[in-house]
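Shown next, in structure tokens, is the structure this report addresses.
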Amino acid sequence: MAENSQNKISNVWVATPTVSAQLAYDCLNSVPLGATEATDLVNSLLPYVEWQSGEVDARFENLFESLQDSDISYLKNPPEGYQEPAVDLWVRFDDILENIKSGKYANEYEFQVELYKTFNEAHDGHFRFAPDLLSKAVGFRRPTQLVSVSRDGTELPKIYIRGELLTNVIATISS
């Protein structure tokens, strides 16, 4: 049974189309930026940013009657001892919109990377946006999977190459 499971896992990897990382990266960089669509995307995200921030931007004051401070409202002026740098997300999104308008981005990939980084500057796992070109078009992974395993559940785990570990476990069970 275990051997059959290993074969199924192997077949999945073999059936997955692969290209070199450089070719994938070049492909991502070949997508031209649609400035109108990029602007529409950013503008469509602003109500979500506003909801998270607890601040009412004049562009959306009619959409939200009462907001309370949320996790990202203090990022512009974080409390003393806060471990992350201050960031004004409204300024960052305005910068992105200006960069689209001025033609700063060479392609869709550059735009989406900056948008992704802007969300990450909040350092908040609940405040996320994964643009499609970064999250759906290509998946980068190493051909070798690493796992950490403790022999008895109490000793410190050791790092193993997954395939070699499975082969050894199968061989041990079979003997």
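The values are calculated or read from the model by the stated rules, or taken from the named source; none is laboratory data. In this text, all values refer to a predicted model and were calculated from it rather than measured experimentally. No Cβ is skipped: glycine too gets one built from the backbone with ideal geometry, and neighbour counts run over all protein chains shown.
Of the helices (runs of 4 or more DSSP H) lying entirely inside the range 86-166, those containing at least 3 residues that are free of Cβ contacts under 8 Å to residues at least 60 places away in the same chain, under 12 Å from the mean Cα position of the chain (by Cα) and more than 19 Å from Cys27 (Cβ to Cβ) span 108-120. If you go through the range 12-54 and keep only what is outside any helix (DSSP H, G or I), farther than 17 Å from Val138 by Cα and at pLDDT below 95, you end up with just Gly54. Sub-6 Å Cβ pairs linking a first residue in the range 1-30 that is closer than 16 Å to Leu133 by Cα to a second residue that is surrounded by 10 or more Cβ atoms within 10 Å (Cβ to Cβ) and modelled with pLDDT under 95, at least 6 apart or interchain, are Ala24/Val138, ordered by first then second residue.
Within the set Leu97, Leu89, Leu146, the sole residue that is surrounded by 16 or more Cβ atoms within 10 Å (Cβ to Cβ) and at negative phi turns out to be Leu89.
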